[in-house]
1. Would you check if residue 428 is within 32 Å of the chain's Cα centre (by Cα) and closer than 27 Å to residue 58 by Cα?
2. Does residue 337 count as closer than 22 Å to residue 178 by Cα, modelled with pLDDT of 95 or more and in contact with a strand residue (DSSP E or B) (Cβ under 7 Å, 6 or more places away or on another chain)?
3. Take residue 597 and decide whether it is surrounded by 13 or more Cβ atoms within 10 Å (Cβ to Cβ) and under 44 Å from the mean Cα position of the chain (by Cα).
4. When the residues of segment 67-100 are filtered to those that are surrounded by 15 or more Cβ atoms within 10 Å (Cβ to Cβ) and at pLDDT below 90, which remaining residue is nearest to residue 408 (Cα to Cα)?
5. Yes or no: residue 447 crowded, with 18+ Cβ neighbours inside 10 Å, on the phi < 0 side of the Ramachandran plot and in contact (Cβ under 8 Å) with a residue 40 or more places away in the chain?
């Protein structure tokens, strides 16, 4: 999650968008940052369908979880429902994790039913709940516990971490990880006193004020906005921001530990390299970082930052602050700085902006027409108060509370949030001393005992503030266009690039010629191609090779007849139209052929076929899967499928003694590269649907074969078999070219996904495969006939979305690694998703026209 702080005018006044982490202004490598920005909820808004003001149910703790070591769980907890409807049939999932992530691989230990209605309006419901279902207690080792509150449809409402690790094989009693509980009422929570080494039971044993070290990064353009002196400007806004902390009665300070000029993109207000962020943080020993840049031309905002620790209620052990960066632009001042640093410390905007932070109430506050605090925006009118929200303080002309208590719908208490998390932030990195107090810690200060100096660019022993020629190039700083660069001193065309490196020193529009063709990169349509520089018609083809340089619809003429290939209906001039020509650009190749496949028995019927290529390098390595759900296996109508190698078609064609492009599929058993896959039960309709995809991300395709009437426990609920193509030879260990669709035959290599209801996986070709989440694993979307979601509910048609990356985890969900998965039983976060039709009619099926785009 990311707060984007927009301008209404060129001041620190701003508006916001809630779901803005992927906004184009943040040009970081998210694939890399996903490993380190664990605190930022990248997908929470979209995945959890949060409504205004997070109108959902929340845990109200203290909370205690007990397990008797055998068959019973009990949860003592409270709940408040801030939605606009009463909530029934709520439940709590007990999840085991190797670490404290919200979104990580989890094992479901148990489910506890909340057998009371949670009334709307935030009314407290508390008690001990012991109606539980146990799934997994045989795991060895110790695990963290996450409690997940959800409704009957498995929609997420809230999560909390428990304090102690547990061995699920033994009885245990564990408690909520509470960063607010304060036994001695000294204003510092017990957990924070343990962290700081003070006595949580002694009100006179209190940790000192927190010092959070911040390194300030800035771009060259930002420095130019302040006459080249970025440091003075930055130190000024930090001084004011710290005054806001004092005015909020917060025992903490943001200590600036250095300012560093970095390479940045002025238009996206982002760093060119996030290595600079990490390296400067290490060099300065900073806990947080702020990037100062100019107003972008297409901006309209004052700053932005990630919401670190969102929803974690102060728990930050898995939160990496090494890349925690806030951005402030232009002349936006101390209010913006305090606002963005507030984001990094778990604060969001306000109730009227539908925002929540580390806790539900970790946000700003406003009273319409009267005031708004630091984290809130001015859209409600009134005056800007330079304090953080606090229900125990007074704000505005009416001397109203600066916040609201934690148990009301409009709760807002940023001060309590900052007070709860400040100790962990202050310990993100080990601090360095700043002996002379000039805002530069000793390791980066060339003059650690002189507060008027901190850097000596030319190493002559004279600090830059006193040195009249900082780079010692013989040109005084007042005359030097590049006072810190000894290789440059003149910029004749005033384009910001010194004449020494400027390829076009007298042209302010050009300074580089990457391909050496004499045309500057800015005006060169092909700056990396020395043979091209102009594209008159803008079709992406350079004029030197474009046969039609003034026609944007044409650029090539394969047969040289004067008609461009896009308009020419016969590009190779072989008198065969392109739409009928298998090789439209090769005059010597025109033939297009097809084969007829004859099924083995009169009652067989082929329903669908899928072609695929197992090698991108070898175009001939193509295969065809044909589903035959009425295939006779001996005298039994089991159904099945044929897997044919295209390279083997000519050989299969000759098997009946005639080369006529008619292949009798019975010859597959005598082949060397093709297979026959058969069902095992009468009328199971194996092969009703066939698909292919790389479900395990190993760059090798898997076959997906539906057996919609497979019988499990007396119910014809159906199955999907997933068989790795690369292991077919090993599965067919007797080399008879016949593979049985049974776990006894494929169990060491494949998977079986089972339905739960009668004919649930009678999918009638409604299986779609594609990599929806771009993680390198193909995913499955399967439509079903119907599913009974409640004992007394009507049947509804549903569709399952199953991420390929989660298949192994789903197999382990029932406690047995048997390569058999019950789809409905595995529905849950990170695993399959259940999409339910609104019509209970079995005729109005949800499985119609499924697609992945």
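1. On the way: within 32 Å of the chain's Cα centre (by Cα): yes; closer than 27 Å to residue 58 by Cα: no.
No: the conditions fail for residue 428.
2. Values: closer than 22 Å to residue 178 by Cα: no; modelled with pLDDT of 95 or more: yes; in contact with a strand residue (DSSP E or B) (Cβ under 7 Å, 6 or more places away or on another chain): yes.
Answer is no for this residue.
3. Details: surrounded by 13 or more Cβ atoms within 10 Å (Cβ to Cβ): yes; under 44 Å from the mean Cα position of the chain (by Cα): no.
Spelling it out, it is not the case that residue 597 is surrounded by 13 or more Cβ atoms within 10 Å (Cβ to Cβ) and under 44 Å from the mean Cα position of the chain (by Cα).
4. Among those residues, the one meeting the criterion is 83.
5. Values: crowded, with 18+ Cβ neighbours inside 10 Å: yes; on the phi < 0 side of the Ramachandran plot: yes; in contact (Cβ under 8 Å) with a residue 40 or more places away in the chain: no.
Considered against the rule, which asks whether it is crowded, with 18+ Cβ neighbours inside 10 Å, on the phi < 0 side of the Ramachandran plot and in contact (Cβ under 8 Å) with a residue 40 or more places away in the chain, residue 447 comes out as no.
So that you can scan it fast, the table gives a plain yes or no per residue for (1) surrounded by fewer than 18 Cβ atoms within 10 Å (Cβ to Cβ); (2) touching a residue at least 24 places away in the same chain (Cβ under 8 Å):
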{"residue": "526", "(1), (2)": "no, no"}
{"residue": "583", "(1), (2)": "yes, no"}
{"residue": "588", "(1), (2)": "yes, no"}
{"residue": "609", "(1), (2)": "yes, yes"}
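Conditions (1) loosely packed, with under 15 Cβ neighbours inside 10 Å; (2) in a loop (DSSP other than H, G, I, E, B); (3) within 32 Å of the chain's Cα centre (by Cα); (4) touching a residue at least 12 places away in the same chain (Cβ under 8 Å), marked per residue:
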position: 170; (1), (2), (3), (4): yes, yes, no, yes
position: 201; (1), (2), (3), (4): yes, yes, no, yes
position: 207; (1), (2), (3), (4): no, yes, no, yes
position: 242; (1), (2), (3), (4): no, no, no, yes
position: 245; (1), (2), (3), (4): no, no, no, yes
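This table checks each residue for (1) in a loop (DSSP other than H, G, I, E, B); (2) touching a residue at least 12 places away in the same chain (Cβ under 8 Å); (3) assigned by TED's automatic domain parsing to the domain that holds residue 325; (4) buried (at least 20 other Cβ atoms within 10 Å of the Cβ).
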| residue | (1), (2), (3), (4) |
| --- | --- |
| 349 | no, yes, yes, yes |
| 355 | yes, yes, yes, yes |
| 388 | yes, yes, yes, yes |
| 406 | yes, yes, yes, no |
| 433 | yes, no, no, no |
| 439 | yes, yes, no, yes |
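The values are calculated or read from the model by the stated rules, or taken from the named source; none is laboratory data. Note that the structure is predicted; figures quoted are calculated from it, not measured. Note: ideal-geometry Cβ built from the backbone for every residue, glycine included; neighbour counts use all protein chains shown.
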